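Values quoted throughout were computed directly from the atomic coordinates according to the rules given, and no laboratory measurement underlies them. Predicted model only: the values in this text are computed from it and were never measured.
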Amino acid sequence: MGLRMGEVRLEKSNKEWKGSFEIEKENLGKIFKGIALKIEHVGSTSIEGISAKPIIDIAVAVKKLNDFEKVRDEFYNIKDYSIKEDSPSDEILVRKGNPEEITHFIHIMEYNSERYKNQILFRDYLRTHEAERVEYEELKIKLAKKYKNDRKKYTANKNDFIQKVLKRAREEEEKLCLNYTQNISQQATSQRQ
């Protein structure tokens with residue numbers, strides 16, 4: 001497991017990825033000492049049956065992003081962790097491994113942020129929609145061949161597909177909420193009669 005920084009290489013779905021996540025989740029739970037609201041396995045390694053880069057993506061949800069300051073020094077003091085200094089403004093990225101073999105990306109995000117919600121929504125949608133899962137895997141294989149040494153371009157070229165899936169997932173969520181609300185309303189009306 002693991003990749004050189006910047007490298008793109010996919011591997012067939014591997015049941016060991018879940019175990020790797022569980023071990024790291026336990027480690028992160030100790031490091032985050034109660035400030036992590038959720039620690040979730042995200043990214044393609046969290047979706048059974050899909051090829052992925054052999055790097056475990058983990059989303060750590062915190063109340064406020066600056067809560068990370070309470071544990072920042074722990075990551076500097078533990079071997080194999082490094083904090084990406086040019087992370088996006090709504091995320092802090094911590095890498096586990098060395099530049100020759102990064103094994104985990106730990107994404108620290110605010111629990112109520114759009115970025116966190118999108119990570120979970122995308123994962124959950126692909127877990128339950130085979131056609132999109134297959135389409136995503138085919139896209140990833142094509143892009144991995146084209147950008148095998150350029151992870152930034154590989155990632156950027158998946159964005160249109162990801163946005164399309166997120167739009168579908170939100171529409172499906174809205175439809176489910178509407179149906180649920182209508183059912184509750186009908187039940188309340190029936191009980192009053």
Exercise for the section: Go ahead and estimate [θ] at 222 nm for the chain from helices alone: -39,500 (n - 2.57) per DSSP H run with n ≥ 4, summed, over the residue count, rounded to 500. Expected result: -16500 deg cm²/dmol
Fill in the blank from the handout: Length gained, Arg72-Asn98, 0.36 nm per residue minus C-alpha separation, equals 7.6 nm
Exercise for the section: Mind checking the full-extension length gain between Glu138 and Leu37? Use 0.36 nm per residue of separation minus the Cα-Cα distance, one decimal, nm. Expected result: 33.0 nm
Exercise for the section: Could you work out how far the C-alpha centroid of segment 140-178 sits from that of segment 16-38, in angstrom? Expected result: 26 Å
Handout entry: Length released on extending from Phe161 to Lys30, taking residue separation times 0.36 nm less the Cα-Cα span
Key = 43.6 nm
Practice task
Under a 10 Å cutoff between Cα atoms, tell me which one of Ser51, Ser113, Ser87 has the largest fluctuation in the Gaussian network model of the chain.
Solution key: Ser87
Practice task
Read through the labelled values (1) 18.8, 69; (2) 27.4, 98; (3) 16.6, 48 and report the label of the one computed as Rg and Dmax of the Cα atoms in Å from the structure.
Solution key: (1)
